[in-house]
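The values are calculated or read from the model by the stated rules, or taken from the named source; none is laboratory data. Note that the coordinates shown come from a computational prediction; the quantities given were computed from them, not determined experimentally. Reconstructed Cβ throughout: ideal geometry from the backbone, glycine too, with neighbour counts over all protein chains shown. Note: areas computed on protein heavy atoms with side chains; ligands, DNA, RNA excluded. Shrake-Rupley method; radii C 1.70, N 1.55, O 1.52, S 1.80 Å.
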Amino acid sequence: MNAIAVMSALAQPTRLAVFSLLARAGEDGMTAGDLAERTGTPANTMSSHLTILSHAGLATSRRAGRNIFYRALPDAIRHLTVFLIKDCCDGCAEVCCHLQADLNECQRGREVRRAPAKGKASVKDDPCCK
């Protein structure tokens, strides 16, 4: 995993939007044309963005008939997160505790995130941080 390549690829707004769309699309992925339409990007420019995401290990493609479907490779984000915690933060418990709480919130699913928040849960309330 090349952290600089991953971060550089995602530092560009269109590529970040494309990666987000691909991540939400899941295993089915999306065609370059669909991505271009959804982001308002010309087709030739989208091709360049997808190449950069692919070279950074953030996306892959498969051919299905006349179409090429792209999908996100979320392990690249996991590897980047682990790299940042281990190498940059030196496994600092305080950083890891907050990260675990954030990840737990993501795992609770869309319904929980859409529910009105009466009060944001504190990290100290998270059993993973005790």
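Scanning segment 34-53 for residues that are without any contact (Cβ under 8 Å) to a residue 12 or more places away in the chain and of a type in the set (Gly, Ala, Ser) yields 36, 40, 43, 48.
Of the residues 37, 27, only one is out of contact with any Gly (no Cβ under 6 Å at 6 or more places or on another chain) and exposed (fewer than 13 other Cβ atoms within 10 Å of the Cβ); which? Let's see the steps before the verdict.
Values: 37 fails: exposed (fewer than 13 other Cβ atoms within 10 Å of the Cβ).
Every option except 27 fails the conditions.
Of the helices (runs of 4 or more DSSP H) lying entirely inside segment 13-130, the ones with 3 or more residues being at pLDDT 85 or above are found at 13-25, 32-39, 43-55, 75-83. Name the single residue that is nearest to residue 79 (Cα to Cα) among those in segment 1-48 being in contact with a Leu (Cβ under 6 Å, 6 or more places away or on another chain) and among the β-branched types (Val, Ile, Thr). Selected residue: 6. A Cβ distance below 6 Å, combined with a sequence gap of six or more or placement on separate chains, defines the contacts here; from segment 9-23, residues that are small (Gly, Ala, Ser) reach residues that are assigned to a helix (DSSP H, G or I) and open to solvent by less than 50 Å² (accessible area, probe 1.4 Å) in the pairs 9/15; 9/53; 17/39.
Determine if segment 64-86 includes at least one residue that is open to solvent by less than 40 Å² (accessible area, probe 1.4 Å), at positive phi, of a type outside the set (Phe, Trp, Tyr) and in contact with a helix residue (DSSP H, G or I) (Cβ under 9 Å, 6 or more places away or on another chain). No, because not a single residue in segment 64-86 is open to solvent by less than 40 Å² (accessible area, probe 1.4 Å), at positive phi, of a type outside the set (Phe, Trp, Tyr) and in contact with a helix residue (DSSP H, G or I) (Cβ under 9 Å, 6 or more places away or on another chain).
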